[in-house]
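This report concerns only the one structure given below.
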Amino acid sequence: MKIAIDARMMGADNTRGIGRYIEELIRAMLDLGTSDEFILVVKDPVHPFIGHPRVSSVIAPIGWYGLDEQTKLPGILKRIGADIVHVPHWNVPLFYHGPLVVTVHDLLLRHFPASAKTSRRSWPTRLLKRFLYRAVLRHAVKSARKILVPTEFTRHDIESFYPGSKDKITVTGEGMPQIDASNLAAERPDVDAGYLLYVGSAYPHKGLDDLLAAWPKISARHPDLRLKIAGEMDVFMRRTQEKHFRQDGVEYLGKVGDDDLVKLYRGAEMLVFPSHFEGFGLPPLEALAHGCPVVSSDATSLPEVLGTRGVEFFHAGDENGILLAVEKVLSDTKKARESARAAAQDLRLRHDWNKTAKTTLEAYYSAKNRV
């Protein structure tokens, strides 16, 4: 089968969660050793799959969510002449009507429209962007022959907004981050003081304000403890930093690379993940993969994805709940790390890119034969 994949977001430096999904999925599908041919639509001619005998590239220097995506990308996809086109996000061009599989990771902007980057712009721009998002999403759901989702939570969420989509949805899951097993046995890196770690953006739904509201109480009980925040210094993060600028012991690290992130996970007392909405939730899985205990909200898909071992849950938005969960981990950090390591082994069996690849390929074949 000839499969075209919109891989413009591929790579951690582009859109971290979706970019990682695209790259890991393609790698796992190629590892299955089928005879399928993959045509990747990419922005950059340099990508991880150059030279693979079953991979070819179509260069499309087109950004996402813009006018060129709507007007130029449909023609590019049509000219490829693939048996199926996989768009791994909801941003399917309105004028594309060919054989389509779409991945919808979540319906975040249906629940939290303020988490769009346009939420800091004028209200007419916000309303226009909101209208266009819903129109594009509706088109993607309606025109796709198959809709791939990472979790049962997202499946139910899509069905509630778009009841007619029920028979088209396939839960593929995603994979556990792969690491060298020797990393788990290695000593934690030297740190001059213990720290809590937050990884992610400062978009409103991420709940970073909840953690920063709880921080003074945590810090008062543990004055040597610090809070490290790893996330892009965009308008949301700068606004958060300005709002909480008087807080001691908080370090804003900005965007960090993968190698530095691994060191942060391994050195942290725990990852705190206070999100109010997640379709999957990559950072807590990454943390557990590196033996780092997790304190997480119980919002949306997180209990489904993370299970119970190695994680202390609190109700989303509950500042006191954050404090109590952090205290529980700090009361026995050795036990917490042992539990995180054990959890990682179990989660690798549940979240496997090979399983995701097989399910995705099956969806492609089903979509090819579905009109």
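The values are calculated or read from the model by the stated rules, or taken from the named source; none is laboratory data. On a predicted model such as this, the values are computed, not experimentally measured, just so you know. Here Cβ is always computed from backbone atoms with ideal geometry, including for glycine, and neighbour counts include all displayed protein chains.
Here are the numbers:
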item: Residue satisfying condition, being at pLDDT 90 or above and part of a helix (DSSP H, G or I), within set Leu127, Leu137; result: Leu137
item: Subset of region 32-82 (residues that are farther than 16 Å from Ala4 by Cα, among the hydroxyl-bearing types (Ser, Thr, Tyr) and part of a loop (DSSP other than H, G, I, E, B)); result: Tyr65
item: Qualifying position, being free of Cβ contacts under 8 Å to residues at least 24 places away in the same chain and either in a loop (DSSP other than H, G, I, E, B) or surrounded by fewer than 18 Cβ atoms within 10 Å (Cβ to Cβ) (or both), among Lys358, Lys328; result: Lys328
item: Ala299 vs. criteria among the aliphatic types (A, V, I, L, M), under 17 Å from the mean Cα position of the chain (by Cα) and assigned by TED's automatic domain parsing to the domain that holds Leu208; result: yes
item: Answer from Lys263, Lys255 - the residue that is in contact (Cβ under 8 Å) with a residue 40 or more places away in the chain and of a type in the set (Lys, Arg); result: Lys263
item: Of all residues making up region 253-273, the number that are over 21 Å from Val294 (Cβ atoms) and modelled with pLDDT of 95 or more; result: 1
item: Wholly enclosed helices (runs of 4 or more DSSP H) of region 193-309 bearing at least 3 residues under 25 Å from Ala336 (Cα atoms) and of a type outside the set (D, E, K, R); result: 208-221, 258-267, 282-289, 302-306
item: Residue in region 112-123 that is charged (D, E, K, R), assigned to a loop (DSSP other than H, G, I, E, B), modelled with pLDDT under 95 and more than 20 Å from Ser57 (Cβ to Cβ) present; result: yes
item: Residue count, region 236-274 (criterion: among the β-branched types (Val, Ile, Thr) and closer than 14 Å to Lys206 by Cβ); result: 2
item: Condition broken by Pro74, with the remaining ones in (1) at pLDDT below 95; (2) out of contact with any strand residue (DSSP E or B) (no Cβ under 9 Å at 6 or more places or on another chain); (3) not aliphatic (A, V, I, L, M) satisfied; result: (1)
item: Inter-residue pairs, beta-carbon under 8 Å, first in contact (Cβ under 8 Å) with a residue 12 or more places away in the chain and surrounded by 17 or more Cβ atoms within 10 Å (Cβ to Cβ) and in region 61-77, second part of a loop (DSSP other than H, G, I, E, B) and among the hydroxyl-bearing types (Ser, Thr, Tyr), 6+ apart; result: Leu73/Tyr96; Pro74/Tyr96; Leu77/Tyr96
item: Any hit, region 12-24, residues being over 24 Å from Gly231 (Cα atoms), buried (at least 18 other Cβ atoms within 10 Å of the Cβ) and touching a residue at least 40 places away in the same chain (Cβ under 8 Å); result: no
item: Within region 338-355, tally of residues that are touching a residue at least 40 places away in the same chain (Cβ under 8 Å) and farther than 12 Å from Leu288 by Cα; result: 6
item: Residue match in region 85-101 (condition: farther than 25 Å from Ile169 by Cβ and assigned to a loop (DSSP other than H, G, I, E, B)); result: no
